[in-house]
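What follows is a set of notes on a single structure, which appears directly below.
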Amino acid sequence: MTVPFREATIDLDAIADNVRHFRRLTGVEVLVVVKANAYGHGAAPAAVAALSAGATRLGVAEIPEALELRRQGVHAPIVAWLHAPGERFVQAAAEGIELGISSYDQLQAAAAAASGDRPVAVHLKLETGLSRNGIAPDGWGTVLAEAARLERIGRVRVVGLFSHLSNASPADDRAALARFEEGVAQAAALGVRPEIRHIAATAAAIDLPETRLDAVRIGIGTYGLSPFDDRSSAELGLRPAMTLRGAVAAVRRVPAGTGVSYDYAHRTDRETTLALVPLGYADGVPRSASGRLPVSIGGRRYTNVGRIAMDQFVVDVGDAPVAVGDEVILFGDPTLGVPSAADWAEAAGTIGYEIVTRIGHRVPRRTT
């Protein structure tokens, strides 16, 4: 078997299984987030897999991401919620993209993009404490009243009211939910009655049932990663969808005292064998994990030595019979005995979300 030089394999069945898991768990609509190329997994294939498993909507950050999904033949409802200043929504409206609205000006731009008897679908985002995008509480009345007016005259259709939680603590999230419910009540009093309310992402969808409302937005859980530091994907009933692999590119036997990679941050303490893995920080391997990055070669787990470079890093395999062309599993499903994205995140001092999302364009994606 020829081992790929570098490759990320994406298990679409795992994505579908994870979506079905969240449908069973929550009992509400599941909106699957496929922003940032589906967290590095490939937006269109991930979207198709999620929809086949019962997802009802897709979510992206930016309109270009939504338009690309349309070009790829994805016709399901898609909501995009982060817009450039002065964004005009004509093309998005023409393609039936639902717009996340965070200001009065954005609402007016959405209404201006309506054509004929086709209103623009919007989700009004209420700021409830995360201090990012969203309509500020002192502006709720103005924006909600205008949304009601624009809906009456057929310029917009309010599909959703939504917000986002901090995951700082259950108490913080419940306080944000209470603020959101105040906004929903204010909207109803002004005549805005959305089809769906959504505030929970993966963590809250799992841990805070009261936040599930009409729909949950599942991002990282779709791809089988845990949003928690104290619970693994397997403990949550999730299957990681991405396996990052490569092939050993070179092997050399070296004496004790040999320097390894830039700065000689590592020197061998004995005669040993060094294996070269042809992925580096240009491919998303975090340089900050140098000297701590776990990989699996020949079913055995090793830790890299020396600095991780742009295109490659080195593994000390001791006296193991490793050869050029042998498969290296960088991370994947830990239930199969290989390192996980969470292991890499721990080594790099970050989160699993970043690990999978940062895998670069030089790494081909292959779906299975």
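The values are calculated or read from the model by the stated rules, or taken from the named source; none is laboratory data. These numbers come from a predicted model, not from an experiment. Counting neighbours? That spans all protein chains shown, and the Cβs are built from the backbone with ideal geometry, glycine included. Each accessible area value is taken on the protein alone, full model and side chains, heavy atoms only, with ligands, DNA and RNA left out. Shrake-Rupley method; radii C 1.70, N 1.55, O 1.52, S 1.80 Å.
Does VAL328 meet the test of being modelled with pLDDT of 95 or more and assigned to a loop (DSSP other than H, G, I, E, B)?
For VAL328, the condition - modelled with pLDDT of 95 or more and assigned to a loop (DSSP other than H, G, I, E, B) - is not met.
Among (1) open to solvent by 50 Å² or more (accessible area, probe 1.4 Å); (2) closer than 23 Å to THR56 by Cα; (3) of a type in the set (Gly, Ala, Ser); (4) in contact with a helix residue (DSSP H, G or I) (Cβ under 8 Å, 6 or more places away or on another chain), there is one condition SER115 misses while meeting the rest; what is its number?
Of the numbered conditions (1) open to solvent by 50 Å² or more (accessible area, probe 1.4 Å); (2) closer than 23 Å to THR56 by Cα; (3) of a type in the set (Gly, Ala, Ser); (4) in contact with a helix residue (DSSP H, G or I) (Cβ under 8 Å, 6 or more places away or on another chain), the odd one out for SER115 is (2).
Would you confirm whether or not region 234-247 contains a residue that is within 23 Å of the chain's Cα centre (by Cα) and free of Cβ contacts under 8 Å to residues at least 40 places away in the same chain?
There is at least one residue in region 234-247 that is within 23 Å of the chain's Cα centre (by Cα) and free of Cβ contacts under 8 Å to residues at least 40 places away in the same chain.
Scanning for something within 16 Å of PRO278 (Cβ to Cβ), in contact (Cβ under 8 Å) with a residue 12 or more places away in the chain and either not hydroxyl-bearing (Ser, Thr, Tyr) or not in a loop (DSSP other than H, G, I, E, B) (or both), does region 350-361 turn up at least one residue?
There is at least one residue in region 350-361 that is within 16 Å of PRO278 (Cβ to Cβ), in contact (Cβ under 8 Å) with a residue 12 or more places away in the chain and either not hydroxyl-bearing (Ser, Thr, Tyr) or not in a loop (DSSP other than H, G, I, E, B) (or both).
Exactly one of these conditions fails for VAL338: (1) on the phi > 0 side of the Ramachandran plot; (2) open to solvent by 20 Å² or more (accessible area, probe 1.4 Å). Give me its number.
The single condition VAL338 does not satisfy is (1).
Can you list residue pairs whose Cβ atoms sit under 7 Å apart, with the first residue in region 7-28 being free of Cβ contacts under 8 Å to residues at least 60 places away in the same chain and the second being outside any helix (DSSP H, G or I) and surrounded by fewer than 19 Cβ atoms within 10 Å (Cβ to Cβ)? Count only pairs 6 or more apart in sequence or on different chains.
Once the first residue is free of Cβ contacts under 8 Å to residues at least 60 places away in the same chain and sits in region 7-28, its partners that are outside any helix (DSSP H, G or I) and surrounded by fewer than 19 Cβ atoms within 10 Å (Cβ to Cβ) give ARG20/GLY54; ARG23/GLY54.
Got a sec? Which of THR26, THR56, THR9, THR2 is buried (at least 16 other Cβ atoms within 10 Å of the Cβ) and over 18 Å from ALA201 (Cβ atoms)?
Criteria check complete, one pass: THR9.
Yes/no matrix, rows are residues, columns are (1) open to solvent by 50 Å² or more (accessible area, probe 1.4 Å); (2) at pLDDT below 95; (3) in a loop (DSSP other than H, G, I, E, B); (4) closer than 30 Å to LEU12 by Cβ:
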residue	(1), (2), (3), (4)
VAL48	yes, no, no, yes
GLU68	yes, no, no, yes
HIS75	yes, no, yes, yes
VAL79	no, no, no, yes
ARG88	yes, yes, yes, no
LEU107	no, no, no, no
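Does any residue in region 152-166 that is among the small types (Gly, Ala, Ser) come within less than 7 Å, Cβ to Cβ, of a residue that is in a strand (DSSP E or B) six or more places away or on a different chain, and which pairs are these?
Sorted first by the residue in region 152-166, then by its partner, the pairs are GLY160/HIS123; GLY160/ILE196; GLY160/ARG197; GLY160/HIS198; SER163/LYS125; SER163/LEU126.
Show the residue pairs meeting these rules: Cβ distance below 8 Å; 6+ apart or different chains; first residue within region 62-79 and closer than 11 Å to VAL34 by Cβ; second residue at pLDDT 95 or above and of a type in the set (Ser, Thr, Tyr).
That search, which allows pairs on different chains as well, returns ALA76/THR56.
Yes or no: GLU182 over 26 Å from the mean Cα position of the chain (by Cα), open to solvent by 60 Å² or more (accessible area, probe 1.4 Å) and of a type outside the set (Val, Ile, Thr)?
yes
Please tell me if ALA200 is within 27 Å of GLU68 (Cα to Cα), assigned to a loop (DSSP other than H, G, I, E, B), at pLDDT 95 or above and open to solvent by less than 10 Å² (accessible area, probe 1.4 Å).
When the stated conditions are applied, ALA200 passes them.
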